Amino acid sequence: MSEARIPLISGNWKMHKNHFEAIQAVQKLHYRLGDAEVEDVVVTVHPPFTDLRSVQTLIESDRMDIVLGAQDCYWETEGAFTGEVSPTMLAKLDVAYVIVGHSERRQLFGETDESVNRKAVAVLAAGMTPIVCCGETLEEREAGDAESKVEGQIRAGLAGLSSAQVAGLVVAYEPIWAIGTGRTATSEDAQAMCAHIRSVVADGWSADAAASLRVQYGGSVKPGNIAELMSQADIDGALVGGASLEPDEFAAIVQFRQH
Ligand code: 13P
């Protein structure tokens, strides 16, 4: 792992926790992490939109070393787009990282590579960092199509971005069959795909972008498997779903070096 790629551990809460529960969870996480907490690790939490203001206020008032993230956004700044939230609204709340193209949004809400691309561009334009998700289905993996599927998602999702922009963003590799199933990719398979993502970026953008880009693994990450995943050369962090809802578990994942 290069010096610049500080590990990034992100908690995607999905549609869990109201704003009272969110405050409690972040307080507990901060307490569990302690002072030694987040040395050389960037920790982000991605609560539902309705929790963001409460969590922002808490992080700011207690000067927590926890970074605020969002789970999605729209690509326009403002306008007649009922129900949508803009990147600039998120940036105003000190949101620093925005997940785009999560497989649940692709599968359940019709997200396409094109909309993922527009969102990634808009998040960058608002001064935040996109976490661009990719990953194959079980059928695609079994058919030997996993690499080409992910390559297509990366090329289309990051289309039009400059090499410098790609260097600064995050790609999360989340094999769909490993999400919420308790079935993690082997660290070898996860490493192989994360290395593949880097080679796609080297080919499509530049060697510098490939070396600087942070690649997360996601899919049933737990305290018991994080250390081995993090020991892989091309895995720079994790996008954690279920285990991020429980502060004890999430803190143990953040402190993967102590395992
Ligand atoms: P789980 O950690 O619950 O498998 O979810 C992974 C995920 O989708 C994170 O975005």
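Structure notes:
- Flag for Arg53 being out of contact with any Pro (no Cβ under 8 Å at 6 or more places or on another chain), among the basic types (Lys, Arg) and at pLDDT 95 or above: yes
- In the stretch 132-146, the qualifying residues are those that are outside any strand (DSSP E or B) and in contact (Cβ under 8 Å) with a residue 40 or more places away in the chain, and the one that is surrounded by the most Cβ atoms within 10 Å (Cβ to Cβ) is Gly135.
- Applying a threshold of 8 Å to beta carbon distances and a minimum spacing of six or more residues, or different chains, the list of pairs starting in the stretch 231-258 at a residue that is within 16 Å of Cys133 (Cβ to Cβ) and touching a residue at least 12 places away in the same chain (Cβ under 8 Å) and ending at one that is within 14 Å of the ligand (Cβ to nearest atom) and charged (D, E, K, R) reads Leu239/Glu174; Gly241/Lys14.
- Those helices (runs of 4 or more DSSP H) lying entirely in the stretch 80-131 with at least 2 residues closer than 17 Å to Asn12 by Cα: 103-109
- Enumeration of residues in the stretch 116-131 that are of a type in the set (Lys, Arg) and surrounded by fewer than 19 Cβ atoms within 10 Å (Cβ to Cβ): Arg118
- Condition broken by Gln153, with the remaining ones in (1) within 16 Å of the ligand (Cβ to nearest atom); (2) at pLDDT below 95 satisfied: (2)
- Candidate set: the stretch 80-115, residues that are aliphatic (A, V, I, L, M) and more than 14 Å from the ligand (Cβ to nearest atom); chosen: the one surrounded by the fewest Cβ atoms within 10 Å (Cβ to Cβ): Ala80
- Enumeration of residues in the stretch 9-37 that are part of a loop (DSSP other than H, G, I, E, B) and either surrounded by fewer than 21 Cβ atoms within 10 Å (Cβ to Cβ) or free of Cβ contacts under 8 Å to residues at least 24 places away in the same chain (or both): Lys14, Met15, His16, Lys17, Asn18, Gly34, Asp35, Ala36, Glu37
- Single residue of the stretch 38-66 satisfying the filter (free of Cβ contacts under 8 Å to residues at least 24 places away in the same chain and not in a loop (DSSP other than H, G, I, E, B)) that is surrounded by the most Cβ atoms within 10 Å (Cβ to Cβ): Thr57
- Residue count, the stretch 175-210 (criterion: touching a residue at least 24 places away in the same chain (Cβ under 8 Å) and farther than 19 Å from Val221 by Cβ): 9
- Pairs, first more than 22 Å from Tyr173 (Cα to Cα) and among the polar types (S, T, N, Q) in the stretch 84-109, second away from the ligand (no atom under 13 Å from the Cβ) and assigned to a loop (DSSP other than H, G, I, E, B), C-beta under 7 Å, six or more apart: Ser86/Cys73; Ser86/Tyr74; Ser86/Glu76; Ser86/Thr77; Ser86/Glu78; Thr88/Thr77; Thr88/Ala126
- Sole residue being closer than 24 Å to Phe256 by Cβ and of a type outside the set (Ser, Thr, Tyr), chosen from Val100, Val43, Val85, Val95: Val43
- When the residues of the stretch 222-259 are filtered to those that are over 30 Å from Ser163 (Cα atoms) and among the aliphatic types (A, V, I, L, M), the one that is surrounded by the fewest Cβ atoms within 10 Å (Cβ to Cβ) is Ala227.
- Among the residues making up the stretch 120-178, those that are aliphatic (A, V, I, L, M) and within 13 Å of the chain's Cα centre (by Cα) are Ala120, Met128, Ile131, Val132, Leu169, Val170, Val171, Ala172.
The values are calculated or read from the model by the stated rules, or taken from the named source; none is laboratory data. Predicted model, so just to flag it, every value in this text is computed and none were measured. Positions of Cβ are generated from backbone atoms using ideal geometry, with glycine treated the same way; all protein chains shown enter the neighbour counts.
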